Amino acid sequence: MKKLLTLTAVGTVLVCSDALASGFNLKEQSAAAQGNAFAGATAGAEDISYSFFNPAGLTRHKGTKISVGGTWIAPRSRAKRAHADTVIPGDDFPGFQDSGYTGDIVHSAVAPAMYMSKQLDDRFTLGLSLNVPYGMITKYNDLWAGRFHGTLSKVTTVTLTPMVAYKATDELSLGAGFQMQYIKATLRNGVRVPNPYTGGVLPGVEDKARLEGDTFDIGYQLGALYELTPQTRFGIGYRSQIKHKLKGDIEFDGLMRDLASQDISARLTTPANLTIGAYHDINDKGAVMAEFGRTYWSSFEELRIKGDKGLDNVTQEKWKDTTFYSIGASYKVDDQWKLRAGFAVDQSAVGQEYRTPRIPDADRLWYSAGVEYKYDDKWTFNVGYTYIRADKGKVKLNGFHDGDTARGSLRADYENDIHILAASMNYNF
């Protein structure tokens, strides 16, 4: 997930980059699919929560249904050996700082999800979902070595999606929906106070900047489900990019409060997502499934910030498209209990030369398991657990990228992993 706001004030770039990354494009939208590491999420349609990935699967659900759930996401990210070099033109006292071990800089959060479906007739089914598809929080001490690159990053989204599914033939179903998305970002970082006489900065003088912005915009969702046989089906789902224009303000705590505080706007495009899945029942007990996903982060080419006091700054970005692969299996113990397992490989959206401390993301491996309990014909409960082991992340910012002049260089090592626990209950009317 995730870059959001950058700032220039009085001729000096003051910074706030990185608020989006692949790691914060939250897949955790279904407790049942979680148990299979989202393998077959586009083709499975095992309950109505799978409609997040493919609305066409709603045609497999009769009558009226509701699903309510939540996911507890507990990431851990520890910064080690952080070293900053803030050599800035006009600065008579360049700073070389080390932060050593900064401890955990991320925080646990709960992502809720709700789904409803209503079968109108043999062909049409309506659906509605409420999700949190993006989210992140990272927080450092205000005096750590990389404070000019970021001390607080918080992004929250809420998406309401009305959907319709149509059974075109006995084998083929089609689906579509509108993503109505609200996004809010809060970013904080240290800044060097500019010297109005020399064009450099005031030696040893710092301030703190806080940026907030939000917006509401609309995208779309498409899907198709093809049942080759009663035991085998394939699905494809697409969630469009959403072009946001955030509006908000930037405020400073100290000397720059009156001079540089202003209203700002920033354009941000959340990426499109394409998923392709397969599901196959081996027999009455066992099933296997697989998933391929592509997130198109390369659409995020630049970030432009404009302010009502003349601020107009553009920052070039170097994000890349990412791929997600997963395989899974399930086993039906009896008429009430089903067990699930899955494994996935998830790519990071940015390399170490552009990675920032706001999102110290890295390539990851997913290990998932889940259990389903069918109490009766009306009530079904699901629990899914995932442990994500991430590669050691490295930040190697050399200070030469657009917008990094005032931030300086930064090198840091990160150790990351994530525990995820999801639960849901489904009710059939």
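One table, with the values for the structure above:
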item	result
Whichever residue in the stretch 161-175 is buried (at least 17 other Cβ atoms within 10 Å of the Cβ) and small (Gly, Ala, Ser) and, among such residues, is nearest to the chain's Cα centre (by Cα)	Gly175
The lone exception for Gln179 - which of (1) open to solvent by less than 70 Å² (accessible area, probe 1.4 Å); (2) under 30 Å from Lys243 (Cβ atoms); (3) at pLDDT below 95; (4) not hydrophobic (A, V, I, L, M, F, W, C) it fails	(3)
Residues (closer than 30 Å to Phe234 by Cβ and either at pLDDT 95 or above or open to solvent by less than 70 Å² (accessible area, probe 1.4 Å) (or both)) located in the stretch 301-324	Trp319, Asp321, Thr322, Thr323, Phe324
Residue pairs meeting the criteria (Cβ under 9 Å; at least 6 apart or on separate chains; first open to solvent by 80 Å² or more (accessible area, probe 1.4 Å), in the stretch 244-261; second aromatic (Phe, Trp, Tyr))	Asp258/Phe252; Leu259/Phe252
Scope the stretch 360-373; condition acidic (Asp, Glu) and open to solvent by 30 Å² or more (accessible area, probe 1.4 Å); matching residues	Asp363, Glu372
Some residue of the stretch 210-220 being in a strand (DSSP E or B), more than 27 Å from Met136 (Cα to Cα) and either at pLDDT below 90 or in contact with a Pro (Cβ under 9 Å, 6 or more places away or on another chain) (or both)	no
Count of the stretch 188-236 residues which are open to solvent by less than 10 Å² (accessible area, probe 1.4 Å), touching a helix residue (DSSP H, G or I) at 6+ places or on another chain (Cβ under 7 Å) and among the β-branched types (Val, Ile, Thr)	0
Every residue from the stretch 250-282 that is among the acidic types (Asp, Glu) and out of contact with any Lys or Arg (no Cβ under 9 Å at 6 or more places or on another chain)	Asp258, Asp281
Tabulated pairs, the stretch 376-397, first farther than 18 Å from Tyr414 by Cβ, second among the acidic types (Asp, Glu), C-beta under 6 angstrom, 6+ apart or interchain	Asn382/Glu372
Residue within the stretch 342-358 that is open to solvent by 10 Å² or more (accessible area, probe 1.4 Å), basic (Lys, Arg) and modelled with pLDDT of 85 or more present	no
Pairs, first among the aromatic types (Phe, Trp, Tyr) in the stretch 110-129, second open to solvent by 40 Å² or more (accessible area, probe 1.4 Å), C-beta under 6 Å, six or more apart	Phe124/Tyr166
Among (1) within 30 Å of Asp142 (Cα to Cα); (2) open to solvent by less than 20 Å² (accessible area, probe 1.4 Å), the one test that Gly293 misses	(1)
All positions within the stretch 339-374 that are closer than 19 Å to Pro75 by Cβ and among the hydroxyl-bearing types (Ser, Thr, Tyr)	Ser348, Thr356, Tyr367, Ser368
Residues of the stretch 150-160 satisfying the condition of being open to solvent by 10 Å² or more (accessible area, probe 1.4 Å) and not hydroxyl-bearing (Ser, Thr, Tyr)	Leu152, Lys154, Val158, Leu160
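The values are calculated or read from the model by the stated rules, or taken from the named source; none is laboratory data. Here the structure is a predicted model, which means the values were calculated and not measured. Positions of Cβ are backbone-derived with ideal geometry, glycine not excepted, and every protein chain shown enters the neighbour counts. Only protein heavy atoms, including side chains, enter the accessible area calculation; ligands, DNA and RNA are left aside. Shrake-Rupley method; radii C 1.70, N 1.55, O 1.52, S 1.80 Å.
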